[in-house]
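Reading through the structure tokens given below for one structure.
The values are calculated or read from the model by the stated rules, or taken from the named source; none is laboratory data. Because the structure is predicted, anything quoted here is derived from the model rather than measured. Cβ coordinates were reconstructed from backbone atoms using ideal geometry, including for glycine residues, and neighbour counts include every protein chain displayed. Ligands, DNA and RNA are stripped out before the accessible areas are found, and what is left, the full protein with its side chains, is counted by its heavy atoms. Shrake-Rupley method; radii C 1.70, N 1.55, O 1.52, S 1.80 Å.
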Amino acid sequence: MSQYLQGQTAIVTGGMRGIGLAIARRLHVAGAQVVIWDLAVDGWNSTENGFEPVLRQAVDVSSLASVEAAFAQTLARLGQVQILVNNAGINGPVVASWEYPPDAWDKVIAIDLNGVFYCCRTAIAHMRERGYGRIVNIASMAGKEGVQYISGYSAAKAGVIAFTKAAAKELAQDGVMLNCVAPAMVETPLMAEMTAEHIAASKAKIPMGRFLKAEEIANMVSWIAGPECSFTTGFVFDLSGGRATY
């Protein structure tokens, strides 16, 4: 594969497992120096995961102070950041909206939406100064459609989509491209938080009749994060297996 990200530094939040790990691995293959941010970064197995990131940092994306400190450490170590992938997220409870626990709602919004804002807010100033940057936010089909019984997750991901569109317009002449992807359901550890009924209902919505693979998201993200994505910003790239028609 072409190493079109050679010499670039990429931060991937939630990069220790699942979608984030697949994205981090794919960016590494494309030549990027990969920095992984996650709540816990112990237990990394470079043989099992297929590569060694240049840096692993314990970061709480729901804390602006934690994000700012980690970004400063990344710059001190590597000097620059060209790519940010905001992937860290949780699903939250699968429950009717009128029964949704307020503390769970706050946690989902804090991680899935506020975390994207905090990471973007921190990285954008650096990217604008350099006149170049690629930010990819991981949203969801739930953010476009609203999915029953995961109202908190749906609301957070809808917020990610709207934030992406708004901020991208602000950055349109600064050389910083800000896009997001909206995957259908993927087979990841997040499924452990879901009911069997919810999983079956989600699969039934996908015309291809299968779940999305993490590697398929990673392939899309790696192109969006690269220099060839030069005239697309504020866009939602669907990974829906035919589910989305708009």
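For region 90-123, filtered to residues that are of a type in the set (Phe, Trp, Tyr) and not in a loop (DSSP other than H, G, I, E, B), the residue that is least open to solvent (accessible area, probe 1.4 Å) is TYR118.
Summed over region 152-178, residues that are of a type outside the set (Phe, Trp, Tyr) and surrounded by fewer than 22 Cβ atoms within 10 Å (Cβ to Cβ) total 16. Residues that are open to solvent by 30 Å² or more (accessible area, probe 1.4 Å), outside any helix (DSSP H, G or I) and farther than 19 Å from TYR149 by Cβ: does region 188-200 have at least one? No: region 188-200 contains no residue that is open to solvent by 30 Å² or more (accessible area, probe 1.4 Å), outside any helix (DSSP H, G or I) and farther than 19 Å from TYR149 by Cβ. As a summary of the residue check, VAL34 satisfies the conditions (1) closer than 28 Å to LYS157 by Cα; (2) in contact with a Leu (Cβ under 9 Å, 6 or more places away or on another chain); (3) part of a loop (DSSP other than H, G, I, E, B) except for the one numbered (3).
Residue count for region 148-179 under the criterion of being of a type outside the set (A, V, I, L, M, F, W, C) and in a helix (DSSP H, G or I): the result is 10. Candidates are the residues of region 38-89 that are among the β-branched types (Val, Ile, Thr) and over 14 Å from ILE124 (Cα atoms); the one that is most open to solvent (accessible area, probe 1.4 Å) is THR47.
Across region 4-14, what is the number of residues that are in a loop (DSSP other than H, G, I, E, B) and touching a strand residue (DSSP E or B) at 6+ places or on another chain (Cβ under 9 Å)? Total satisfying the criteria: 4. Residues being in a loop (DSSP other than H, G, I, E, B) and either touching a residue at least 60 places away in the same chain (Cβ under 8 Å) or among the basic types (Lys, Arg) (or both) are represented in region 15-27 by at least one member. Scanning region 124-149 for residues that are closer than 18 Å to GLY242 by Cα and open to solvent by 60 Å² or more (accessible area, probe 1.4 Å) returns a single hit, GLU145. Taken over region 201-232, the criterion of being of a type in the set (S, T, N, Q), open to solvent by 50 Å² or more (accessible area, probe 1.4 Å) and either assigned to a loop (DSSP other than H, G, I, E, B) or at pLDDT below 85 (or both) is satisfied by SER230 alone.
When region 140-184 is limited to residues that are among the hydroxyl-bearing types (Ser, Thr, Tyr) and at pLDDT 95 or above, the one that is farthest from GLU99 (Cα to Cα) turns out to be THR164.
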